[in-house]
Amino acid sequence: MEVILKETIKNLGEIGDVVTVKPGYGRNYLIPTGKAAYATPENLRILGQEKEELERKQQADKELVRARSKDFENLRLTIEANVTEQGNLYGSIGTIDIVNSANSMGKEIERSEVNLPDGPIKSIGEHEVTLIFHPEIQVVILVNVVGGEVAIKNTLDLEEEVDNIEEENKNEEIIEESE
């Protein structure tokens, strides 16, 4: 399927380029979001007239994003996580944790802007995380993962919890039978 790009898309093309894409990508994403139009002779003529205006609009949007990204330069986030007695993390720190930490500091970011190429953070310490606001505008922030409450997994505690739950269930059964 051939489409005309209405904005520059990384790894695909520049404004006004006629590119061949898979039909699903064109029909379900590019055209509905206004990033492209079907490659018809009429659309080619119209886009030729609007190309300069689209480039100016894209440049203005890029300047807004660049100004927004300045707020995130030299940003340091500290995230407290549950650790074992040995200092290992239970679970991991993902994009949601980073977004929530930034939002609590008054810095609004989206999950889609946080790039964790190696997957979630699974260790304590400082980690560099890249925020991608635009393919050409990226900011590296530092995320410091510190050990918070020490979570001790003890089989005796688990057994006690199971016993308490079973005891509560028995009490409920006795109450139901007496009614």
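Bear in mind these aren't lab numbers, they're just calculated from the coordinates by the rules spelled out. Computed from a prediction, not measured in an experiment: that's the story for all the values here. Using ideal geometry, Cβ is built from the backbone for each residue, glycine included, and neighbour counts are taken over all protein chains shown.
Where does region 2-70 land on Rg(C-alpha)/(2.2 N^0.38 Å)? Write down the numbers at each step before the final one.
Numbers: Rg = 12.8 Å, N = 69, 2.2 N^0.38 = 11.0 Å.
In units of the globular-protein estimate, region 2-70 measures up at 1.16.
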Could you tell me which GluC sites (Glu not before Pro) in region 54-96 are loop residues by DSSP with no more than 11 other beta carbons within 10 angstrom of their beta carbon? 73, 85
Below 14 angstrom from the Cβ of residue 54, what's the summed charge of the other residues (Lys, Arg +1; Asp, Glu -1)? -2
Tell me which chymotrypsin sites (Phe, Trp or Tyr not before Pro) from region 54-143 have a DSSP coil assignment and no more than 12 other beta carbons within 10 Å of their own. 90
Which whole-Hz ³J(HN,Hα) couplings does region 118-133 yield from phi under the Karplus relation 6.51 cos²θ - 1.76 cosθ + 1.60, θ = phi - 60°, glycine and proline marked x? 8, x, x, 6, 10, 9, 6, x, 8, 9, 8, 10, 9, 9, 10, 8
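Would you mind ranking 76, 68 so that the residue whose beta carbon has the fewest other beta carbons within 10 Å leads the list? Mind dumping the intermediate values first?
Values: 76 10, 68 15.
So the residues, fewest neighbours to most, are 76, 68.
Only loop residues by DSSP count here, and only those with at most 14 other Cβ atoms within 10 Å; note down the GluC sites (Glu not before Pro) in region 91-145 that meet that. Before the final figure, lay out each step's value.
Values: sites: 108, 110, 113, 126, 128, 136; in loops: 108, 110, 136.
Here the GluC sites (Glu not before Pro) that fit, given the DSSP loop and packing criteria, are 108, 110, 136.
Please give the per residue volume of the convex hull enclosing the alpha carbon atoms of region 76-150, rounded to a whole number of Å³.
Details: hull volume 5.9 nm³, N = 75.
Cα-based convex hull of region 76-150, divided per residue, equals 79 Å³.
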Taking the Cα atoms of region 23-115 alone, what are Rg (to one decimal) and Dmax (as a whole number) in Å? 21.0, 68
Assuming R0 = 35 Å, what is the FRET efficiency of residue 27 and residue 130, from their Cβ-Cβ distance, to the nearest 0.05? 0.65
Taking 0.36 nm per intervening residue step and subtracting the Cα-Cα distance, what contour gain separates residue 55 from residue 90 on full extension? 7.8 nm
